[in-house]
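Input: a single structure, listed below in structure tokens.
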Amino acid sequence: DVNGVLTITAGTLDVSTTNYGITVGGNWSNAGTFTARSGTVTFDATDTDNTINPGSSSFYRLTFNGSGGAWDATTNNVTVTNALTITAGTFDLNGQNLTATGATFSNSGTLRMQGAETLTGLTMDTDSGTIAYDGTTSYTGLIAGNNYFNLTFDGTGGVWDLTGNATVTNALTI
């Protein structure tokens, strides 16, 4: 359990063949190599100024579980190969792309994006959680699809032109 910042400046952090889990209460900065194997990385901070720079490494299971916590992706795109789970808090793609090919997605918190990111292989969780768009320019279509549980638009100056019918089963906030 890392109560603050986890920084990989060089070399390799390997969870080993026992697939140890890593819990981080702050930022993740990777300039080396992270070998996820079948391990889980959990972010559990409850403050809102946390960043994640995965470098060129991917996560196997990535979990956000900090009530009131928020994490912004920075510098590099995020890749998850098994499961992306937002139990509590907000994961903000912040303009970075997300690849989740083969991964499940469970969202009880908030996944935030501007609207121009690329989502690859992500099957939306449409029975819980919130998808929030906060971009500040014009976007064609909704990159997370057309089906949502909770959908929020809160980007000052942002305009999202729908390319099909959007279905929101719980709450739409503009």
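Within segment 72-87, the set of residues being touching a Phe, Trp or Tyr at 6+ places or on another chain (Cβ under 8 Å), open to solvent by 50 Å² or more (accessible area, probe 1.4 Å) and farther than 17 Å from Thr23 by Cα comprises Thr81 only. Of all residues in segment 88-104, those satisfying the criterion of being part of a strand (DSSP E or B), more than 18 Å from Thr46 (Cβ to Cβ) and open to solvent by 20 Å² or more (accessible area, probe 1.4 Å) are Thr99, Thr104.
Residue count for segment 123-140 under the criterion of being open to solvent by less than 30 Å² (accessible area, probe 1.4 Å) and at pLDDT below 95: the result is 1. Among the residues of segment 28-43, those identified as over 21 Å from Asp92 (Cα atoms) and β-branched (Val, Ile, Thr) are Thr33, Thr35. For segment 141-155, the criterion of being polar (S, T, N, Q), within 19 Å of Asn65 (Cα to Cα), crowded, with 19+ Cβ neighbours inside 10 Å and touching a strand residue (DSSP E or B) at 6+ places or on another chain (Cβ under 8 Å) is met by no residue. Six or more apart or on different chains, Cβ under 6 Å: which pairs go from a residue in segment 129-147 that's in a loop (DSSP other than H, G, I, E, B) to one that's of a type in the set (Phe, Trp, Tyr)? Could you list them? Sorted first by the residue in segment 129-147, then by its partner, the pairs are Gly129/Phe149.
The listed residues are Gly55, Gly69, and the only one of them that is within 27 Å of Tyr20 (Cβ to Cβ), more than 11 Å from the chain's Cα centre (by Cα), in a strand (DSSP E or B) and modelled with pLDDT of 95 or more turns out to be Gly69. Scanning segment 12-36 for residues that are touching a Ser or Thr at 6+ places or on another chain (Cβ under 7 Å) and either of a type in the set (Phe, Trp, Tyr) or part of a loop (DSSP other than H, G, I, E, B) (or both) yields a count of 8.
Residues are listed down the side, and each one gets a yes or a no for (1) open to solvent by 30 Å² or more (accessible area, probe 1.4 Å); (2) hydroxyl-bearing (Ser, Thr, Tyr); (3) in contact with a helix residue (DSSP H, G or I) (Cβ under 9 Å, 6 or more places away or on another chain):
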{"residue": "Val2", "(1), (2), (3)": "yes, no, no"}
{"residue": "Val5", "(1), (2), (3)": "yes, no, no"}
{"residue": "Tyr20", "(1), (2), (3)": "yes, yes, no"}
{"residue": "Thr51", "(1), (2), (3)": "yes, yes, no"}
{"residue": "Phe64", "(1), (2), (3)": "no, no, no"}
{"residue": "Gly68", "(1), (2), (3)": "yes, no, no"}
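The values are calculated or read from the model by the stated rules, or taken from the named source; none is laboratory data. None of these values were measured; they are calculated from a predicted model. A quick note on method: Cβ atoms are made from the backbone with ideal geometry, for glycine too, and the neighbour counts reach across all protein chains shown. Surface accessibility is based on the protein's heavy atoms, side chains included, excluding ligands, DNA and RNA. Shrake-Rupley method; radii C 1.70, N 1.55, O 1.52, S 1.80 Å.
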